[in-house]
Amino acid sequence: MEIPVYILDAFTNLPFKGNPAAICPLMHELREDLYQTIAAEMNLSETAFITRIDPSDNFTTGSRFRLRWFTPTTEVNLCGHATLASAAVLFKHKKNVNPKLVFETRSGDLAVTEQGEGMPMSSETSSRSVLTSLKVDPVALQSSEKSARVKGLILTMKGSPDNQPGYDFYSRYFAPWNGIPEDPVTGSAHTVLGSYWSKQLGKNKMLAYQCSSRGGELELEVRDDGRINISGQSVTVLQGTITL
């Protein structure tokens, strides 16, 4: 059996920045244990598997797919950057003809709309230096909380919108409980951060920067129904085949 695999850096327009995800479009479901085995082999914060819902569809014409996400150690309920990367694989590599794709996931339906080029990355660093230089020991963090209720830790601070490109807030995200010492850029964390900073700043549209060592940029919009639209770019850095 041969499984196509793509590795994309999400929430960036530069290779080796943003958050890498492995994406596997599957013509058929795999044996259940293989999903986690492949994710462990990829050893990225997330590996995503796209499968067809309607067997008559293909990855070029279909508009609705099933999507699952795995860290190296467990299946997770939501992953923003791997969702963005999955849509990018379908739009860019599979030449999907639909303007919007819907993924059925453990967190419900997630829609991704194809759009033009987003904002470029920026090197502005002065107002986020405290957060960037903070040293966090993931082993100590994990040993300090063993209730199994905590899945991740978000650190955040207000940005400097007066400076270009005008980030409204910064963040970092640590999830050693899910096998991820620090996640480079975390879409799911920004569903929480977007709501929080929208109330703090009194605005519905925000530009955020997650200042891990790789770094990544996210455009956020809090909708009238309380849900959050997250936008970003992605770049493909590897394309290959897994042979089983």
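Some points to look at:
- Of all residues in the stretch 215-229, those that are under 20 Å from R172 (Cα atoms) have Cβ atoms under 8 Å from Cβ atoms of residues that are part of a loop (DSSP other than H, G, I, E, B) and of a type in the set (K, R), 6 or more apart or on another chain, in G215/K17; G216/K17; N229/R223.
- G187, sole failed condition from (1) touching a residue at least 40 places away in the same chain (Cβ under 8 Å); (2) within 12 Å of I230 (Cα to Cα); (3) in a strand (DSSP E or B): (3)
- Just one of the listed residues (V89, V76) is among the β-branched types (V, I, T), in contact (Cβ under 8 Å) with a residue 24 or more places away in the chain and under 21 Å from H190 (Cα atoms), namely V76.
- Top-ranked residue of the stretch 208-231 - restricted to ones that are of a type in the set (K, R) and surrounded by fewer than 19 Cβ atoms within 10 Å (Cβ to Cβ), ranked as nearest to L110 (Cα to Cα): R227
- When the test is whether a residue is at pLDDT below 90 and farther than 27 Å from A87 by Cβ, S144 does not pass it.
- Of all residues making up the stretch 195-209, the number that are touching a residue at least 12 places away in the same chain (Cβ under 8 Å) and out of contact with any Asp or Glu (no Cβ under 8 Å at 6 or more places or on another chain): 4
- Single match in S234, S171 (criterion: of a type in the set (S, T, N, Q), in contact with a strand residue (DSSP E or B) (Cβ under 7 Å, 6 or more places away or on another chain), in contact (Cβ under 8 Å) with a residue 60 or more places away in the chain and crowded, with 23+ Cβ neighbours inside 10 Å): S234
- Considered as a group, the residues in the stretch 77-111 that are of a type in the set (A, V, I, L, M) and crowded, with 21+ Cβ neighbours inside 10 Å include one that is farthest from L238 (Cα to Cα), and that residue is L101.
The values are calculated or read from the model by the stated rules, or taken from the named source; none is laboratory data. Keep in mind that what you see is a predicted model, and the values were worked out from it rather than measured. We place every Cβ from the backbone using ideal geometry, glycine too, and count neighbours over all the protein chains shown.
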